[in-house]
Amino acid sequence: MIYAETDRLVLRSWKPEDLPYFAAINSNPQVMKYFPALLTDEETETFYSRIQDEFKRNGWGLYAVELKETGAFIGYVGLHKIGFDAEFTPGIEIGWRLVADCHNKGYATEAARKVLELAREIGMTRLYSFTAVVNKPSERVMQKIGMEKINEFDHPKLSGDSPLLKHVLYQIDL
């Protein structure tokens, strides 16, 4: 199912054939630079199943993204229920993860803007996004789509000595 299109991208349902490409993204050190660890194939399969379950429950989630020009799967951009307790939870986050070759080409921003439109259409009123303070490229996407920085916090799922512990928190009211 196609949920939305932009000039260059298609946001669609996931297909089983996306899984090996998704595993390659999740095990790529460049893509996962700002995450605590690379994901194994098994962890990617579990993540894929959670994505599918969230779509079944809610009708929305992390949309598979493909390039219109080639039909190539390049990652995801979408919505996800925040999976930890913090001052701003419960809530919905907007997030993205794209293949390294597609970084710095505006794809995350382009897709995220479309996801904001989808969120408005289904009646969402507020979204959050967060990342490690050191992840300036992702923070820049948040800024480009009109989100406002509202805080910094220590991510509760990371150890106190992690270089990724401190996170920026952005919010947008729809």
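What follows is calculated from the coordinates using simple rules that are stated; it is not laboratory data. From a predicted model like this one, the values you see are computed outputs, not experimental measurements. So basically every Cβ, Gly included, is an ideal-geometry build from the backbone, and we count neighbours across all protein chains shown.
Within the range 97-123, the residues that satisfy the criterion of being surrounded by fewer than 19 Cβ atoms within 10 Å (Cβ to Cβ) and under 15 Å from Asn58 (Cβ atoms) are Leu118, Glu121, Ile122, Gly123.
Screening Ile145 against (1) surrounded by 11 or more Cβ atoms within 10 Å (Cβ to Cβ); (2) under 15 Å from Phe84 (Cβ atoms) leaves a single unmet condition, (2). Restricting the range 43-58 to residues that are more than 14 Å from the chain's Cα centre (by Cα) and of a type in the set (D, E, K, R), the residue that is farthest from Tyr21 (Cα to Cα) is Arg57.
Given Glu87, Glu66, which one is among the acidic types (Asp, Glu), surrounded by 15 or more Cβ atoms within 10 Å (Cβ to Cβ) and out of contact with any helix residue (DSSP H, G or I) (no Cβ under 8 Å at 6 or more places or on another chain)? Being among the acidic types (Asp, Glu), surrounded by 15 or more Cβ atoms within 10 Å (Cβ to Cβ) and out of contact with any helix residue (DSSP H, G or I) (no Cβ under 8 Å at 6 or more places or on another chain) holds for just one of Glu87, Glu66, which is Glu66. Taking the conditions exactly as written (hydrophobic (A, V, I, L, M, F, W, C), crowded, with 19+ Cβ neighbours inside 10 Å and under 16 Å from Met32 (Cα atoms)), does Ala132 satisfy them or not? Yes: the conditions hold for Ala132. Checking Ile74, Ile94, Ile82, Ile25 one by one, the residue that is surrounded by 14 or more Cβ atoms within 10 Å (Cβ to Cβ), touching a His at 6+ places or on another chain (Cβ under 9 Å) and of a type outside the set (D, E, K, R) is Ile94 and no other.
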